[in-house]
Structure formats: structure tokens, C-alpha cells
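Notes to accompany the following structure.
The values are calculated or read from the model by the stated rules, or taken from the named source; none is laboratory data. Everything quoted here is computed from the prediction, not taken from an experiment. As a convention, Cβ positions derive from the backbone with ideal geometry for all residues, glycine included, and neighbour counts pool all protein chains shown. We work out accessible area using only protein heavy atoms, side chains counted, and drop any ligands, DNA or RNA first. Shrake-Rupley method; radii C 1.70, N 1.55, O 1.52, S 1.80 Å.
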Amino acid sequence: SDTANAPKVAIVSEAMAKRFFGGVDPIGKRYGYGDPNVEVVGIVRDAKVDGPRRAPPVIAYYPLQQDPDDVANNLYVRVTTSPEAAKSALFTALSKAEPHLAVREVLTLGELAGRTVTRERLMPQLTSVFGLLAVGVAALGLYATISYAVARRTNELGVRLALGPSPGNVRWLVLRETLMVVAVGCVTGLLLSVTALRYVGSLLFGLTPGDPGTLAAATALLLAVSLLAALLPAMRAARTDPIRALRAE
């Protein structure tokens with residue numbers, strides 16, 4: 001019944017209701033430019049139409065017949081089947097209603113929302129790639145350092161094995177020393193991260209700079225990679241031949 005000749009009505013957003021009507025129920029209230037001739041007949045939840053980082057704007061929705069100067073650029077259709085299956089039927093209905101109407105594209109709300117966060121997704125993707133590269137370089141460096149240290153301690157490890165310790169004890173010796181170094185690096189890295197994260201807070205979305213879950217996951221990943229990097233040298237040290245080790249210079 002909201003035709004061009006009917007009383008003007010509007011549905012307002014929560015932000016508009018709070019800004020212009022305060023704590024009063026706006027249903028039935030009127031507003032307008034100079035002449036308060038628009039009646040509020042409903043309230044809808046806020047929508048972030050300007051991107052995920054900006055606060056929801058003040059919005060009022062009007063019937064198209066009562067606002068003929070506006071142009072309907074988008075048509076929203078609710079379907080009960082899958083959106084992909086409904087696309088062909090939607091094109092058929094539009095062509096029958098207006099054969100000369102040019103339809104640019106048909107998107108789901110999920111795809112439309114995904115476009116608005118393209119920039120937000122690009123930054124963590126790039127950061128993840130560089131982070132993985134950094135972890136890989138650190139793992140290679142740790143592996144090379146431990147391998148060199150084990151090679152230099154061939155005589156020592158041979159004496160230990162000759163005196164009775166099992167290969168498992170020698171393996172744990174190398175891993176324990178590696179874990180001590182990695183633990184010092186993790187504590188230092190966490191302290192530096194907490195200090196540096198305050199400067200990258202503007203690049204984060206839906207996440208606080210000091211998120212404990214993220215810091216814990218990064219620390220666990222670094223420890224796991226470090227253990228893998230130290231495992232091969234530790235296993236090689238456990239397989240050291242005591243006789244050959246004692247003869248080596």
C-alpha cells in the first residue's frame with residue numbers, strides 16, 4: 001500500500017534511530033527536511049555499507065514509488081534453492097519483464113561481501129607468505145648451526161656413548177640444548193612483538209594487536225619447526241660410532 005499517493009513512510013536503521021530519536025521508540029514518529037512528513041514504520045539492524053572498518057552509517061529506506069528520483073541499481077532476490085541454480089531462472093524473469101534491460105552480473109551476498117574485504121585479506125596473505133619464508137630461513141639456519149655443532153662435538157659424543165649413555169640420551173642432549181636456545185629466542189621475540197604490534201594495529205581487522213591465541217599459535221609453530229630442524233642432527237649424533245669418534249681429530 002506504500003504507493004506514490006500514500007503517506008510517506010520509511011524504515012530507519014538502528015544508528016539513525018539512536019542518533020535522532022535517542023532512547024524513544026521511533027515507530028510512529030515523523031521526520032523530514034523542513035516538513036516532518038515521513039513516518040517511521042520500522043527499524044532494521046545496522047549495515048556496514050562503506051566497508052568493514054567504518055562504522056555503520058545513518059540510513060533510511062524509502063519505498064521506490066515514493067522516491068521516484070532515486071534509481072534502483074541493484075535488485076536483491078531471496079531464493080529457497082541454491083543461488084547458482086536460481087541464476088538462470090532470474091535471467092529469464094528479467095528478460096521477460098524488460099528485454100532491453102542490461103544485467104551486469106548476478107552475485108550472492110557472500111561474494112559481494114567478499115569483494116569489500118579484498119584489501120583486508122591481501123595484507124594477512126602477504127604477511128603469512130613472508131612469515132613462512134622467515135620461518136623457513138630460520139629453520140635452515142638452525143639446522144645448519146646444530147649440524148655444525150654436532151660435527152665439532154664428534155669426539156665428545158663418542159666418549160659419552162663409550163661410557164654407557166644410550167643413543168636416546170645423546171639424542172635428548174642435542175634436542176635439549178636446541179630447545180634452550182629456541183626458548184630464549186621465543187621469549188625475546190614475544191617481548192619485541194608486544195612492543196612492535198602497537199604500531200601495526202591499524203593493519204589488523206577483527207583482531208587485537210596482542211591477541212594471546214595468535215601469539216601462542218606462532219610460538220607453538222616456531223617450536224615445532226625448531227624441533228624438526230634439530231631432529232636430524234640429533235639422530236645423527238645418536239648414531240655416532242664410539243670407536244670412530246675416539247679416533248677422529
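Kindly indicate which of 67, 35 is open to solvent by less than 100 Å² (accessible area, probe 1.4 Å) and closer than 30 Å to residue 110 by Cα.
Numbers: 35 fails: closer than 30 Å to residue 110 by Cα.
The match here is 67.
Restricting the stretch 70-91 to residues that are farther than 27 Å from residue 1 by Cβ and not in a helix (DSSP H, G or I), the residue that is least open to solvent (accessible area, probe 1.4 Å) is 82.
Scanning the stretch 7-36 for residues that are modelled with pLDDT of 90 or more and assigned to a loop (DSSP other than H, G, I, E, B) yields a total of 7. Count, please, the residues in the stretch 92-108 that happen to be modelled with pLDDT under 85, open to solvent by 60 Å² or more (accessible area, probe 1.4 Å) and not charged (D, E, K, R). Matching residues across the stretch 92-108 total 2.
Could you list all residues from the stretch 109-123 that are open to solvent by less than 60 Å² (accessible area, probe 1.4 Å) and in a helix (DSSP H, G or I)? Please lay out each step first, then the result.
Looking only at the stretch 109-123, we keep the residues that are open to solvent by less than 60 Å² (accessible area, probe 1.4 Å), and these are 110, 113-114, 117, 120.
110, 113, 114, 120 - these are the residues of the stretch 109-123 that are open to solvent by less than 60 Å² (accessible area, probe 1.4 Å) and in a helix (DSSP H, G or I).
Which ones in the stretch 17-53 are of a type in the set (Asp, Glu) and either touching a residue at least 12 places away in the same chain (Cβ under 8 Å) or over 17 Å from residue 66 (Cβ atoms) (or both)? Spell out how you get there, then give the answer.
From the stretch 17-53, those of a type in the set (Asp, Glu) are 25, 35, 39, 46, 50; that's our starting set.
Hits for the stretch 17-53 are 25, 39, 46, 50.
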